[in-house]
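K.L.:
Following this message is one structure expressed as structure tokens.
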Amino acid sequence: MWNLDFQPPTVIEATVLARLPDELRRPLRSEWADANKPGHVVDCFLEGPAFDRDGNLYLTDIPHGRIFRLTTAGQWQTVAQTGGWPNGIAVHRDGSLWVADYRRGLLRVVPSDGQVEVLLGHRNSEAFKGLNDLTFDAEGHCYFTDQGQTGMHDPTGRVYCWRTDGRLDLLISNAPSPNGIVLDPDGRFLFVAVTRGNAVWRAPLLPDGSISKVGVFRSFFGTSGPDGMAVDVAKRVVVAHASLGCAFVLNLRGEITHVVRSPTGQTITNVAFRPGTSELVLTDSEQGVVLTATVPDAGASLFSHT
């Protein structure tokens with residue numbers, strides 16, 4: 001059942017915005033591909049779309065440790081090499097890129113010169129499992145997921161909040177593959193894409209910053225599961241699905257109101273709104289393509305742009 005009025009969701013066809021040029025692709029064996037795409041040579045795997053205040057789009061290339069900038073003129077530029085496996089990006093209000101890097105932890109990248117700084121490499125001397133995605137709230141607190149290789153066989157993925165005063169709070173410790181993470185526009189609820197559990201969890205945030213009564217907001221199916229997410233001004237959650245070739249728009253009840261369909265591949269891993277607009281960009285990671293589509297409402301305001 002799609003929703004309670006038994007009507008099918010509206011289908012929105014995405015189009016190609018840009019493709020990673022051949023000269024930037026690296027058809028080389030990598031340890032990341034050996035573990036995550038066995039038997040495949042992965043020339044790129046695009047993730048982490050995030051816009052800066054000038055309208056440039058930043059993306060990560062996980063297996064080859066790169067961060068790209070897609071300019072407003074459509075030019076691809078290599079901004080930095082993290083020395084790890086960078087995944088999600090969130091732009092800070094100061095213009096720096098905060099990056100969830102699977103190998104190195106939480107990083108800060110300066111786009112102007114590519115300088116890379118490790119902000120948080122461990123918790124209490126214990127290494128992270130492997131960071132995946134992150135988001136800021138209106139106060140600048142950073143929420144991030146620690147996914148590693150967790151799944152239904154090992155439901156020990158974690159969700160943290162690193163507060164502006166330096167305190168690191170463990171919010172969730174039993175998620176089977178926590179991936180994308182977003183907050184609703186009012187900062188009242190935290191949503192976590194739990195990939196191997198094929199679901200989106202909803203966690204109410206209490207006044208002291210803790211969470212309570214975490215529940216399954218929406219269940220999915222497929223060989224993979226929900227990945228990156230974004231939120232619009234109507235409090236809808238847009239969920240990229242990494243094996244179904246589309247992104248789903250969920251209303252406040254978790255019903256699917258719209259489906260944004262890929263014209264290229266099936267591995268739609270992440271989504272982001274162009275700030276101030278209803279243009280949604282999507283990453284087709286395996287194809288090395290950025291897609292675009294227009295959805296009903298504009299994206300919610302971001303810490304980087306307020």
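K.L.:
Taking the Cβ of Thr164 as the center, what net charge do the other residues with Cβ under 13 Å away carry, scoring Lys and Arg +1 and Asp and Glu -1?
P.N.:
Net of charged neighbours comes to -2.
K.L.:
Between Ala127 and Ser219, what FRET efficiency comes out of the Förster formula 1/(1 + (r/R0)^6) with R0 = 51 Å and r the beta carbon distance, rounded to 0.05?
P.N.:
With R0 = 51 Å, the Cβ-Cβ based efficiency is 0.95.
K.L.:
Sum up the charges of everything whose Cβ sits under 12 Å from the Cβ of Ala14, counting Lys and Arg as +1 and Asp and Glu as -1, but leave Ala14 out.
P.N.:
-2
K.L.:
List, in order, the whole-Hz ³J(HN,Hα) value for each residue of region 71-87 obtained from phi through the Karplus relation with A = 6.51, B = -1.76, C = 1.60 and θ = phi - 60°; use x for Gly and Pro.
P.N.:
Along region 71-87, the couplings run 6, 5, 8, x, 8, 8, 10, 7, 8, 7, 10, 7, x, x, 10, x, 10 Hz.
K.L.:
Also: Which order do the peptides 262-269, 26-33, 143-150 take when ranked by the mean count of other beta-carbon atoms within 10 Å per residue, highest first?
P.N.:
143-150, 262-269, 26-33
K.L.:
Which of the peptides 117-129, 188-200 is most tightly packed, and how do the rest follow, judged by the mean count of other Cβ atoms within 10 Å per residue?
P.N.:
188-200, 117-129
K.L.:
To continue, here is another question. Given region 110-210 reduced to its alpha-carbon atoms as identical point scatterers, what log10 I(q)/I(0) does the Debye formula return at q = 0.16, 0.18, 0.19, 0.22 Å⁻¹?
P.N.:
For region 110-210 at q = 0.16, 0.18, 0.19, 0.22 Å⁻¹, log10 I(q)/I(0) is -0.69, -0.86, -0.95, -1.19.
K.L.:
Here is a follow-up. What ³J(HN,Hα) values, in whole Hz, does the Karplus curve 6.51 cos²θ - 1.76 cosθ + 1.60 give for region 146-154 when θ = phi - 60°, with x put for Gly and Pro?
P.N.:
My calculation for region 146-154 gives 10, 8, x, 9, 5, x, 4, 7, 8 Hz in order.
K.L.:
Regarding region 10-305, what's the average projected area of the Cα-atom convex hull, expressed in nm²?
P.N.:
Directional mean of the projected Cα hull area for region 10-305 stands at 13.9 nm².
K.L.:
At q = 0.14, 0.22, 0.24, 0.28 Å⁻¹, work out log10 I(q)/I(0) for region 194-236 with the Debye formula, treating every Cα as an identical point scatterer and leaving solvent out; two decimals please.
P.N.:
-0.42, -0.86, -0.93, -1.01
K.L.:
To continue, here is another question. Once amide H atoms are placed 1.01 Å from N in the peptide plane, what residues at a sequence separation of 5 or more from Arg123, or on another chain, have their amide H within under 5 Å of its amide H?
P.N.:
HN-HN under 5 Å from Arg123: Phe128.
K.L.:
Another question, then. State the Cα centre-to-centre distance between region 103-130 and region 151-184 in whole Å.
P.N.:
Centre-to-centre (Cα) distance: 16 Å.
Values in this text are rule-based calculations from the coordinates and carry no lab data. Not measured: the values here are computed from a predicted model. Don't worry about glycine lacking a Cβ; one is built from the backbone with ideal geometry, like all the others, and counts go over all protein chains shown.
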